[in-house]
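Colleague: This is the structure, below, for whatever I ask next.
The values are calculated or read from the model by the stated rules, or taken from the named source; none is laboratory data. The shown structure was predicted, so the numbers you read here are calculated from the model rather than taken from an experiment. With ideal geometry, Cβ positions are generated from the backbone for all residues, glycine too; neighbour counts draw on all protein chains shown. Side chains included, ligands, DNA and RNA excluded: accessible areas come from the protein's heavy atoms. Shrake-Rupley method; radii C 1.70, N 1.55, O 1.52, S 1.80 Å.
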Amino acid sequence: MKTIGIIGAMREEITPLLDFFKKYEEIKIGGNSFYTTTYKNYNIVIAYSKIGKIHAALTCSTIALHFHADYIIFTGVAGGLSSDLKVGDIVLASSLCQYDVDISAFGHPLGFIPESKLYIDTDSNLNEIAKKAAIKQNIKLKYGIIASGDSFISSATKKQWIIDKFNACAVEMEGASIAVVSSLLNIPFCIIRAISDSADDNADISFDEFLVDSAKRSAAFIISILDEIQ
Ligand code: ADE
């Protein structure tokens, strides 16, 4: 049986999945709980990493190397950068970048790490499955670049800087870690995010108000992807 790893950053982002599966086992590794279950003919491993790129990299590595995931899917919320995104909308990442990497002092482009890539592409097969699931559910998916970094963006100025420098449509704090780890370990991955705020001066208030609801939307979409993978 193949194994699908599903990662969120915050407890709120995986609770709707645990509620859906109802029965699961808990295995503790490296400060995270990994919840294992089965769905149709897949093993499922679910975890939340805690916020930020380092935590997400550890959780993703554990799901890859300990649980031998064949696919990795991220679910959670993001700040919308594109003006056509509003709270509740769902974004499917075409690629991920780290907006907070800066070794431009040595002539490298912002976000670029030698021997790595500025933008890491998500898996085209998983993305096609997500797009099919969206059509069936009548969900309008936004497909575009997601920028990750270890800050909650709540400033119109910083938001515009990320748009200008990275052409991203959404911002969050973990996706690029999943991209780095999964791509280096050759595991197909995709990143799904529902918008909780617009990364502007009201982002903190919007995030608090919509985290749970948007996390539920993202998780519900993940279930429809699992149904489509069959
Ligand atoms: N996740 C959700 N909203 C975000 C924001 N504004 N900045 C970073 N990560 C987020």
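Colleague: Can you pull out every residue in segment 188-214 that is open to solvent by less than 20 Å² (accessible area, probe 1.4 Å), among the aliphatic types (A, V, I, L, M) and more than 10 Å from the ligand (Cβ to nearest atom)?
Modeller: Matches in segment 188-214: ILE191, ILE192.
Colleague: Among the numbered criteria (1) assigned to a loop (DSSP other than H, G, I, E, B); (2) farther than 28 Å from ILE229 by Cβ; (3) open to solvent by less than 10 Å² (accessible area, probe 1.4 Å), which single criterion is violated by ALA168?
Modeller: (2)
Colleague: Now for a separate question. Can you tell me which of GLY80, GLY149, GLY76 is within 13 Å of the ligand (Cβ to nearest atom), within 22 Å of LEU17 (Cβ to Cβ), open to solvent by less than 50 Å² (accessible area, probe 1.4 Å) and touching a residue at least 60 places away in the same chain (Cβ under 8 Å)?
Modeller: Of the residues listed, the single one that is within 13 Å of the ligand (Cβ to nearest atom), within 22 Å of LEU17 (Cβ to Cβ), open to solvent by less than 50 Å² (accessible area, probe 1.4 Å) and touching a residue at least 60 places away in the same chain (Cβ under 8 Å) is GLY76.
Colleague: If you check LYS159 against the conditions, is it in a helix (DSSP H, G or I), more than 9 Å from the ligand (Cβ to nearest atom) and charged (D, E, K, R)?
Modeller: no
Colleague: Among the residues of segment 33-68 satisfying the criterion of being without any contact (Cβ under 8 Å) to a residue 40 or more places away in the chain and surrounded by fewer than 17 Cβ atoms within 10 Å (Cβ to Cβ), which is farthest from the ligand (Cβ to nearest atom)?
Modeller: THR38
Colleague: Quick one: ASN167 ticks every box in (1) within 19 Å of GLY80 (Cα to Cα); (2) more than 16 Å from the ligand (Cβ to nearest atom); (3) touching a Cys at 6+ places or on another chain (Cβ under 7 Å) bar one, so which box is it?
Modeller: So ASN167 meets the others, but not (3).
Colleague: Right, next: Can you tell me which residues in segment 93-114 are of a type outside the set (Gly, Ala, Ser) and in contact with a Ser or Thr (Cβ under 8 Å, 6 or more places away or on another chain)?
Modeller: Listed by number, the residues that qualify are LEU96, CYS97, GLN98, TYR99, ASP100, LEU110.
Colleague: Now for a separate question. From the list LEU118, LEU141, exactly one residue is open to solvent by less than 50 Å² (accessible area, probe 1.4 Å), more than 13 Å from the ligand (Cβ to nearest atom), in contact with a Gly (Cβ under 9 Å, 6 or more places away or on another chain) and closer than 20 Å to LEU81 by Cα. Which is it?
Modeller: LEU118
Colleague: Just to be sure before I move on: is TYR71 more than 16 Å from the ligand (Cβ to nearest atom) and open to solvent by less than 60 Å² (accessible area, probe 1.4 Å) in the structure I sent?
Modeller: For TYR71, the condition - more than 16 Å from the ligand (Cβ to nearest atom) and open to solvent by less than 60 Å² (accessible area, probe 1.4 Å) - is met.
Colleague: If I filter segment 127-137 down to residues being touching a strand residue (DSSP E or B) at 6+ places or on another chain (Cβ under 7 Å) and farther than 13 Å from SER95 by Cα, which single residue comes out as most open to solvent (accessible area, probe 1.4 Å)?
Modeller: LYS131
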